[in-house]
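First comes the structure, then the notes that go with it.
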Amino acid sequence: MNRPNRPRNRQPRPPRQQQNNQRGGSSRPSRAPATPQQASGTVPTVQQVIPGASVFIILKEDQPTGEETKGIVQDLLTRGNHPRGIKVRLRDGQVGRVQRMGDSSGVPSASSDEPRAQTAPSSSRFTMRYTDVRLDDEFATGPPPRSLADFIPDFDDNSSSTPTAGVETVKCPFCDAFEGDEAAVTHHIDREHLS
């Protein structure tokens, strides 16, 4: 039955590509071939990849070529084992997946077949992101000794001296017995002498 209220889709369909007629096949290109370590399942585990270990990683942009970059692990970014390799951040800031362990010396060497390792010294001058200032020698090890009395202002014993805060004391012109600031003397005069 033809429904008149429903508009018909008149957009042309793209031509179908003949790709082995697999169900669920996508039109995007196939993935890059896995590295031998990934194919055989011998990528290092979280027990082997620890901060300070020398490793070879594949950067995200190098996944199609499989080019490995050597470095020292600074941070682990993957919590557990991963079939394509544990994701790590190297000391020079590069991020990638570990493919194999490096030599145990822990010092990355630059060679002609590793162009990324040659650019690493320019960015490796900032190896420590955060420093603890408490470990510096120029700072005191603790606060100076203090007591609560150090924070209480000293009061002079000679309370008979005149205040120096700019407030003048005057005497009552009628009785010469009352003494205070100008507002107090005016109030005294109004209450005692003029009312």
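Here the spin labels are modelled as points 7 Å beyond Cα on the Cα-Cβ line, and at Leu148 and Ala39 they lie 7.8 nm apart. Shape analysis of the stretch 36-106 yields a ratio of the Cα radius of gyration to the Kirkwood radius, Rg/Rh, of 0.91. For Ala53, the amide hydrogen comes within under 5 Å of the amide hydrogens of Val73, counting only partners 5 or more places away or on other chains and with H modelled in the peptide plane. Other residues within the sphere of radius under 9 Å centred on the Cβ of Phe56, judged by their own Cβ, net out at +1 (K and R +1, D and E -1). Per-residue extension of 0.36 nm, minus the Cα-Cα distance of Asn9 and Asp190, leaves a gain of 55.3 nm for this segment.
Coordinate-derived values only; no laboratory data. This structure is a prediction, so every number in the text was calculated from the model and none was measured. Virtual Cβ from ideal backbone geometry, glycine too; neighbours counted across all protein chains shown.
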